[in-house]
Amino acid sequence: MAQFLRFFIYVLILGVLALWLMDNPGMVTLTWFGYEVKTSVAFVIALLICIFLAIYILRMPVKFIRWVKKSFDAQKEKSKENMLVQILNAIACGDEALCQKLAGRLDKTFDGKTPTPLLLKALLNPSPEIYRRLAADPSTELAGWRGLIAEHQKQGDLIAALDLAQKAFHKYKNIPWVVLSTLELQVLNDQWQDALETLEVVRKLKLENERLYKTQKATLLIKTGKSLEAFKTAPWLPEAALKAAQDHPKKAESILVKAWENQPDWNIYKAYIHLFSKENTLAQYKRVEKLVSMHKTNRVNHLALADAALQAKLWGQARKELETYIASYSLTMQVATMMAFLEQEENHDLKESQKWVDQMKNLEPTVNYFCTRCGHETDLWSPTCPVCNGFASLECL
Ligand SMILES: [Zn+2]
């Protein structure tokens, strides 16, 4: 459309000019090195048009050569693309011999200047030596570093892995695996402050959901001594509440109540009841009743009530809570211990009590947390999963 409009304007201008020249057939005098030529304006314009036409015609072979070259290059690109598709297909089929054959051919097409054969080796038969060679070439250094970081981690050399990850992070700040790997290695090397800075990049790139980001931030804040800030960031993280309550005794009660409201947890209950250890056990039981009323159905409610009832010698209430727990959840070592204590204290029934003690031998220890990444279960909270190294991946059961 724009081209047509332009053409129309040109024709219009030429038409107006021709009409004007027909009405005003003026003369032009040209003087050059003493020569004088007299001619009409129309002749000068015709001469100029001829010169433009000649230039246009003379440029045609050049344009043709360029067009041929462009077509040839496009053809070459197409054949490279086809070859890459064939290589990827051979990789997917696991045909190493075909891969290497195709890689050699592709290398020739690129005048032997590409690292394709080396990259293919890294994909099919990776080794530290291949990774080192990839790392030496700026065009493939990141692939090399990735392999070497994994190698260092496999060998347990977390410092070397972190050094390399940070080198990669410095240069390739927007690549997800680089950022996440740097964060994980900083955590594993106890570099809490650096990890806090890297975590902000993780958030900027939206690599994790907001809840995980906040849990991770709170974990790092605990480790840098900012427990109250950690609790405000992730009130559902029991460890943050426990540390904040410990560091700020005057706020401890409100912190622990709010923490329970967010996430009932056995350790929160223990810390809460410890605040009132000077009160009589019946008053403590009343407090626990109030605390658990915040969550109608929760596994820990029964445990907390049973424990407080046992302390207050409210045997009936303790038995009711423990029996409800056993009927609803699986029997744990903690519950069996409480049952043994109950039988001994309430009925002085040593035989019945021994039955529960005997059962304890076959039960797993108490589990408070599980790893959302690998499923590992543990009674102790830690910033990273002891099995898969997942950062802030332990959640309350
Ligand atoms: Zn794990």
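The values are calculated or read from the model by the stated rules, or taken from the named source; none is laboratory data. Remember, predicted model here, so these are calculated numbers, not experimental data. A quick note on method: Cβ atoms are made from the backbone with ideal geometry, for glycine too, and the neighbour counts reach across all protein chains shown.
Summary of computed values
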| item | result |
| --- | --- |
| Hits in the range 318-331 - residues which are touching a residue at least 24 places away in the same chain (Cβ under 8 Å) and surrounded by 14 or more Cβ atoms within 10 Å (Cβ to Cβ) | A318, R319, Y325, L331 |
| Within the range 38-75, considering residues that are of a type outside the set (A, V, I, L, M, F, W, C) and at pLDDT below 80, the one surrounded by the fewest Cβ atoms within 10 Å (Cβ to Cβ) | K38 |
| Condition check for A392: at pLDDT 90 or above, surrounded by 15 or more Cβ atoms within 10 Å (Cβ to Cβ) and within 30 Å of S181 (Cα to Cα) | yes |
| Pair list, Cβ < 6 Å and 6+ apart or interchain, from the range 369-380 residues that are in a strand (DSSP E or B) to residues that are near the ligand (Cβ under 7 Å from one of its atoms) | C371/C385; C371/G390; C371/S393 |
| Residue within the range 204-226 that is under 30 Å from K167 (Cα atoms), among the small types (G, A, S) and buried (at least 21 other Cβ atoms within 10 Å of the Cβ) present | yes |
| Unique match (being charged (D, E, K, R) and assigned to a helix (DSSP H, G or I)) among K351, K313 | K351 |
| Matching entry among K313, K355 (being surrounded by 14 or more Cβ atoms within 10 Å (Cβ to Cβ), more than 22 Å from W381 (Cβ to Cβ) and over 36 Å from the mean Cα position of the chain (by Cα)) | K355 |
| Subset of the range 249-298 [more than 16 Å from L397 (Cα to Cα), loosely packed, with under 15 Cβ neighbours inside 10 Å and among the hydroxyl-bearing types (S, T, Y)] | S254, S277, S293 |
| Residue satisfying all of: in the range 217-245; part of a helix (DSSP H, G or I) and over 19 Å from L394 (Cβ atoms); farthest from the chain's Cα centre (by Cα) among these | A245 |
| Subset tally (residues that are under 25 Å from N189 (Cα atoms) and more than 8 Å from the ligand (Cβ to nearest atom)) for the range 341-371 | 2 |
| Residue under evaluation M338, criteria (1) closer than 16 Å to D265 by Cα; (2) surrounded by 15 or more Cβ atoms within 10 Å (Cβ to Cβ); (3) more than 15 Å from the ligand (Cβ to nearest atom), criterion not met | (1) |
| Identity of the residue in the range 382-396, under 15 Å from W192 (Cα atoms) and either more than 19 Å from the chain's Cα centre (by Cα) or in a strand (DSSP E or B) (or both), that ends up nearest to the ligand (Cβ to nearest atom) | T384 |
| Breaking point among (1) surrounded by 13 or more Cβ atoms within 10 Å (Cβ to Cβ); (2) within 30 Å of V28 (Cα to Cα), for L120 | (2) |
| E323, sole failed condition from (1) within 16 Å of the ligand (Cβ to nearest atom); (2) more than 38 Å from the chain's Cα centre (by Cα) | (1) |
| Enumeration of residues in the range 254-266 that are in contact with a Phe, Trp or Tyr (Cβ under 8 Å, 6 or more places away or on another chain) and touching a residue at least 40 places away in the same chain (Cβ under 8 Å) | Q263 |
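Each row is one residue, and each column tells you yes or no for (1) surrounded by fewer than 19 Cβ atoms within 10 Å (Cβ to Cβ); (2) modelled with pLDDT of 95 or more; (3) in a loop (DSSP other than H, G, I, E, B); (4) not hydroxyl-bearing (S, T, Y).
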{"residue": "H152", "(1), (2), (3), (4)": "no, yes, no, yes"}
{"residue": "I159", "(1), (2), (3), (4)": "yes, yes, no, yes"}
{"residue": "T182", "(1), (2), (3), (4)": "no, yes, no, no"}
{"residue": "L185", "(1), (2), (3), (4)": "no, yes, no, yes"}
